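A short worksheet on the structure shown next.
The values are calculated or read from the model by the stated rules, or taken from the named source; none is laboratory data. Fair warning: this is a prediction, and the values are worked out from it, not measured in the lab. For neighbour counting, all protein chains shown are included, and Cβ atoms are generated from backbone atoms with ideal geometry for every residue, glycine included. The accessibility values were calculated without ligands, DNA or RNA, using every heavy atom of the protein model including side chains. Shrake-Rupley method; radii C 1.70, N 1.55, O 1.52, S 1.80 Å.
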Amino acid sequence: MVTNELKQKEQQFQTIYNNLDAGIWSVDVQRNKMIVCSNGVSNIYGEDAIKFLEDRDLWESFIHPEDKPAVAKAQHQLQKGKTIRQQYRIYTKKGEMKWVKGRCIPTLDENGKLVRIDGIVEDITAEKKYMDQVEYLATHDHVTNLPNRRKFEKKLKNFIRQMKKERDSLAVFYLGLNRFKHINDTLGHDVGDRLLQRIANRLKKCVTPDVMLARVGEDELAICFLSLAHMNECQKLAAALFQEIEKEITIDDFSLYVTASIGISIYPHDGEDVKTLLTNANLAMRRAKEIGRSDWQLYSPLMDSETYKSYHLEKGLRNALLQNEFFIEYQPKVHTNSREIDSIEALIRWNHPEWGRVSPEDFIPLAEETHLIIELGDWVIENVCKQLQQWKNQGLQTVPVSINVSSKHLLKRGFVEHVQQTLAHYNIDPSFIEFEVTESSIIQYEEHVKKVMDELKKSGVTFALDDFGTGFSSLSHLKDFEFNTLKIDKTFIQHATDKGKQQAITKSILYLAHALNMKVIAEGVETKEQLAFLQKHECSFIQGYIVSQPAAPQKIAEYLKKRFL
Ligand code: C2E
Ligand code: MG
Ligand code: MG
């Protein structure tokens, strides 16, 4: 009765596991015999279950040769009573490759001796294929089917490790296509994409196990060559690449000619990690671009200086406006004798999260090369107005504020209206705003600038000529533009007590300004001697560290209360 029940139960289980996709098996270790082998096993291996039951080691012959050592190694765990989980490849009886996931569960007797192993094996080929596809999509560029930046970085890391072991070097070529954006814009993205495909296909020819090619940016490719360090080898390769790229490409009715610029960095000479090597190759590529088409450059640490700095500065500047990294300091300008505050100058400041304070001398010229100077200028105007309103609301007796403005900004269509609207919005009297312009910046667009100045002056805004003496400084300019104020550049003030040529110039500037009935301010006054000289020669206003450094609005509020500094 009991055996009958057992038999029934066993049959029940057999029906269940013979209908599973997974294969179930069991080995009696002491008898060295497979005692259970379900249909699932024979379906996966394509071999009759009876064959496995007859030959306990048969399953091992199906394992992919490359995976055999790992599978065999893990078997030792069973002696210790540990379950093993493994994924490996097999070849079925028909020769089809499959991925399987196996689990082996050991049973030990009371003496700790392995007596039985039960196992489950599953076919995970479809799952693996799907994962491979996902992996491929995540690591390849869909236009060219080349590896993408992620893949390149990962593989480069492995290459570096390999070269380190072999005490060998490698070269990273960063290749930028010139004027690709232009082609994209004029002929459309479809043509641009096909152009890239053609170029990629041409370059794919040079790929070997020791060469990796990837698309790392919109118009940028990167190539890594193992065991390469010599300049003339690099030159040969660059020349070969240029030749491939520059061959005519016909797409629809267009004959296109593309050129490229290449930057090269060498491991370990120019960097020992992925990031440094890529950054330096990219830097060298930019330098090559500056020099001209179809040029290549080896990275040199000298490149770190100017180009690199301005490249990052520019990127940082764009971010800075969004991230609120700018603020304004104010520096008083006072009557030379009484030291009463006459007005204040707004000076922009940039507090970069990593670099700390960046000087306007560094970032203003850079902003002037792009549209950023206008956004920056508008930001300053708006914030000065806000500040003036705030001081007024605090019951302080405010003074005019001068704002440095770039000629590019003055020339922006709608500048006059924009200023007027901003002033009106914050309820600021236009006579409380003065714009400081430098002479060299107006010289190129005289007519235009004059028109804008005249319009603004009509509404009550005043103008100062900043850094006077450093530009062309001709008398005619002073007359034509009718500046209200003239600011003598600090370099003259710093040499005013030297009794040389500079002193003579300073004296004559003061004389000239008086004759033209202009208000004169000496910038950068630092010492008592300078102050005495300016008093003697009747310079009415001074600005400089001797009075105050540029300061935060709270400090200025205190100054406004005191009035005399
Ligand atoms: P600037 O308009 O001639 O400004 C005067 C500069 O001299 C300021 O430098 C100021 O901090 C500095 N200074 C003041 N007193 C002394 C002194 O006693 N000794 C010395 N050695 N220096 C003194 P900062 O703030 O670095 O500004 C440099 C330049 O950047 C400015 O020269 C101006 O051309 C430009 N700038 C500053 N803010 C703005 C802005 O909001 N817009 C534009 N477009 N340009 C700005
Ligand atoms: Mg100024
Ligand atoms: Mg100045």
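Tallying residues that are open to solvent by less than 30 Å² (accessible area, probe 1.4 Å), under 17 Å from GLU345 (Cα atoms) and within 11 Å of ligand 1 (Cβ to nearest atom) within region 429-444 yields 3. Looking for something modelled with pLDDT of 90 or more, surrounded by 13 or more Cβ atoms within 10 Å (Cβ to Cβ) and within 18 Å of LYS181 (Cα to Cα) - is there at least one such residue anywhere in region 204-216? Within region 204-216, one or more residues are modelled with pLDDT of 90 or more, surrounded by 13 or more Cβ atoms within 10 Å (Cβ to Cβ) and within 18 Å of LYS181 (Cα to Cα). Is it the case, given these coordinates, that ILE493 is in a helix (DSSP H, G or I), within 16 Å of ligand 2 (Cβ to nearest atom) and crowded, with 17+ Cβ neighbours inside 10 Å? Criteria met by ILE493. Within region 536-565, the set of residues being farther than 20 Å from ALA513 by Cβ, assigned to a loop (DSSP other than H, G, I, E, B), in contact (Cβ under 8 Å) with a residue 40 or more places away in the chain and away from ligand 2 (no atom under 16 Å from the Cβ) comprises ALA552, ARG563, LEU565.
One line per residue, one yes/no per condition, for (1) hydrophobic (A, V, I, L, M, F, W, C); (2) surrounded by 13 or more Cβ atoms within 10 Å (Cβ to Cβ); (3) free of Cβ contacts under 8 Å to residues at least 60 places away in the same chain:
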{"site": "GLN12", "(1), (2), (3)": "no, no, yes"}
{"site": "THR15", "(1), (2), (3)": "no, no, yes"}
{"site": "ASP21", "(1), (2), (3)": "no, no, no"}
{"site": "VAL27", "(1), (2), (3)": "yes, yes, no"}
{"site": "ASN32", "(1), (2), (3)": "no, no, yes"}
{"site": "CYS37", "(1), (2), (3)": "yes, yes, yes"}
{"site": "GLY46", "(1), (2), (3)": "no, yes, yes"}
{"site": "ASP67", "(1), (2), (3)": "no, yes, yes"}
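Of all residues in region 498-513, those satisfying the criterion of being open to solvent by 80 Å² or more (accessible area, probe 1.4 Å) and either over 49 Å from the mean Cα position of the chain (by Cα) or outside the structural domain of GLU538 (by TED's automatic domain parsing) (or both) are LYS499, LYS507, TYR511.
Here the condition is being without any contact (Cβ under 8 Å) to a residue 12 or more places away in the chain, in a loop (DSSP other than H, G, I, E, B) and away from ligand 1 (no atom under 11 Å from the Cβ); of GLY460, GLY395, it holds for GLY395 alone. Screening the candidates GLU523, GLU538 for the property of being open to solvent by 10 Å² or more (accessible area, probe 1.4 Å), at pLDDT 95 or above and among the charged types (D, E, K, R) yields one hit, GLU523.
One residue alone among LYS129, LYS98 is assigned to a helix (DSSP H, G or I) and either surrounded by 16 or more Cβ atoms within 10 Å (Cβ to Cβ) or at pLDDT below 95 (or both), and that residue is LYS129. As a summary of the residue check, TYR136 satisfies the conditions (1) surrounded by 12 or more Cβ atoms within 10 Å (Cβ to Cβ); (2) at pLDDT below 95; (3) closer than 21 Å to ALA22 by Cα except for the one numbered (3). Working only within region 170-182, note down all residues that are open to solvent by 20 Å² or more (accessible area, probe 1.4 Å) and in contact (Cβ under 8 Å) with a residue 60 or more places away in the chain. If the condition is that a residue be open to solvent by 20 Å² or more (accessible area, probe 1.4 Å) and in contact (Cβ under 8 Å) with a residue 60 or more places away in the chain, then ARG179 is the only one that fits.
The condition of being assigned to a loop (DSSP other than H, G, I, E, B) and at pLDDT below 95 holds for LYS93.
Hey, does region 487-494 have a residue that's at pLDDT below 95, more than 11 Å from ligand 3 (Cβ to nearest atom) and more than 20 Å from ILE521 (Cβ to Cβ)? Scanning region 487-494 turns up no residue that is at pLDDT below 95, more than 11 Å from ligand 3 (Cβ to nearest atom) and more than 20 Å from ILE521 (Cβ to Cβ). Please tell me if LEU241 is modelled with pLDDT of 90 or more, in a helix (DSSP H, G or I) and open to solvent by less than 20 Å² (accessible area, probe 1.4 Å). The answer is yes for LEU241. Selection of region 424-471 for residues being aromatic (Phe, Trp, Tyr) and within 16 Å of ligand 3 (Cβ to nearest atom) yields PHE435, PHE463, PHE468.
Among the residues of region 69-79, those identified as in a helix (DSSP H, G or I) and either open to solvent by less than 80 Å² (accessible area, probe 1.4 Å) or in contact with a Leu (Cβ under 7 Å, 6 or more places away or on another chain) (or both) are ALA70, VAL71, ALA72, ALA74, GLN77, LEU78, GLN79. Give me the pairs, please: first residue somewhere in region 233-250 and closer than 13 Å to CYS206 by Cβ, second residue anywhere and open to solvent by less than 50 Å² (accessible area, probe 1.4 Å) and part of a loop (DSSP other than H, G, I, E, B), beta-carbon distance under 6 Å, and either six or more positions apart or on two chains. Pairs found: PHE242/SER294; ILE245/VAL258. Within region 351-392, being free of Cβ contacts under 8 Å to residues at least 12 places away in the same chain and open to solvent by less than 70 Å² (accessible area, probe 1.4 Å) holds for GLY356, SER359, PRO365.
Among the residues of region 350-395, the one identified as closer than 16 Å to ALA551 by Cβ and within 16 Å of ligand 3 (Cβ to nearest atom) is PRO360. Among the listed residues GLU375, GLU369, GLU382, which satisfies the condition of being among the charged types (D, E, K, R) and either touching a Leu at 6+ places or on another chain (Cβ under 9 Å) or within 16 Å of ligand 2 (Cβ to nearest atom) (or both)? On inspection, the qualifying residue turns out to be GLU375. Give region 509-559 a look and list any residue that's touching a strand residue (DSSP E or B) at 6+ places or on another chain (Cβ under 8 Å), among the aromatic types (Phe, Trp, Tyr) and within 16 Å of ligand 3 (Cβ to nearest atom), or say none. Of everything in region 509-559, just one residue is touching a strand residue (DSSP E or B) at 6+ places or on another chain (Cβ under 8 Å), among the aromatic types (Phe, Trp, Tyr) and within 16 Å of ligand 3 (Cβ to nearest atom), namely PHE541. Residues that are touching a residue at least 24 places away in the same chain (Cβ under 8 Å) and assigned to a loop (DSSP other than H, G, I, E, B) were ranked within region 398-420; the one that is nearest to the chain's Cα centre (by Cα) is SER406. When GLU482, GLU447, GLU455 are screened for being surrounded by fewer than 17 Cβ atoms within 10 Å (Cβ to Cβ) and modelled with pLDDT under 85, only GLU447 passes.
Inclusion of LYS82 among residues that are over 30 Å from GLN11 (Cβ atoms), open to solvent by 50 Å² or more (accessible area, probe 1.4 Å), in a loop (DSSP other than H, G, I, E, B) and touching a residue at least 40 places away in the same chain (Cβ under 8 Å) is not warranted.
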